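The structure appears right after this line, and notes come after that.
No lab work stands behind these numbers, since they all come straight from the coordinates. Please read all numbers here as calculations on a predicted model, not as lab measurements. Cβ: placed from backbone, ideal geometry, glycine included. Neighbour counts: every protein chain shown.
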Amino acid sequence: MQEGSWGAEGNNQVWLNPDTSWTWTHIYPAELYLRDLCTSARWKDPSPIQPLAERIVKQLCRELLLLESSDWQFLITTGAARDYAEHRFNTHLSQFNDLRSLLESLEAHHSLTDDQQNLLVAIEDRDNISHQTRTAAATASANLPHLATTAVTTELSDSSTSEIQKFLPNAAP
């Protein structure tokens, strides 16, 4: 099958080019690490650390998905929001690496320090998609009472939530 894309010139140059190649040098090893981790049984085995290990692995999966978002390469290539895209990419990469270190520490010491547990919670809270969706839905319902009976089922990203809030009366900035 011939290469095809909705990108410029119908190929993948928007996502893979000299300006974005550095992102792939981080994505590919992260994918391999997580594949190997998820196919191993080491975090699934019943043990006192298993629930905490599972939380870390689930967050590693979320961070990888956020790291793999093609929006980052698209925004870098088009220049539409290059600084923002590079910042977000690097943030998710850093959080992925932090989580990897947390898991390695947990496996080595069978516990996490208070600082390590606080880091895990902070990362979980920062990238908690369902929390952002509930927050956006609650804000919309509070500010638009006529929509309060309408179910909000669309998951919103943090940038979508902030854009929506601009248009809501009495919304906090």
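For the reader, a short list of remarks on this structure follows.
- Note that region 102-108 has calculated 3J(HN,Hα) couplings of 4, 5, 4, 5, 4, 5, 6 Hz, one per residue in order, obtained from phi through the Karplus relation 6.51 cos²θ - 1.76 cosθ + 1.60 (θ = phi - 60°); glycine and proline are x.
- Gain on full stretching of the segment that runs from Asn128 to Tyr28 - 0.36 nm per residue minus C-alpha separation: 33.6 nm
- Net charge contributed by nearby residues that have their C-beta within less than 11 Å of Thr20 (K/R +1, D/E -1): -1
- Residues of region 64-106 with amide N under 19 Å of the 7 Å Cα→Cβ point at Glu9: 73-80
- 3J(HN,Hα) along region 83-100, derived from phi through the Karplus expression 6.51 cos²θ - 1.76 cosθ + 1.60 where θ = phi - 60°, amounts to 4, 4, 5, 5, 4, 5, 4, 5, 5, 5, 5, 4, 5, 4, 5, 4, 5, 4 Hz, with x in place of Gly and Pro.
- The simple spin-label model puts a point 7 Å past each Cα toward its Cβ; for Asp19 and His109 those points are separated by 4.3 nm.
- HN-Hα J in Hz across region 26-43 - Karplus 6.51, -1.76, 1.60, θ = phi - 60°, x for Gly and Pro: 9, 5, 4, x, 5, 4, 5, 4, 5, 4, 5, 5, 6, 8, 8, 9, 5, 9
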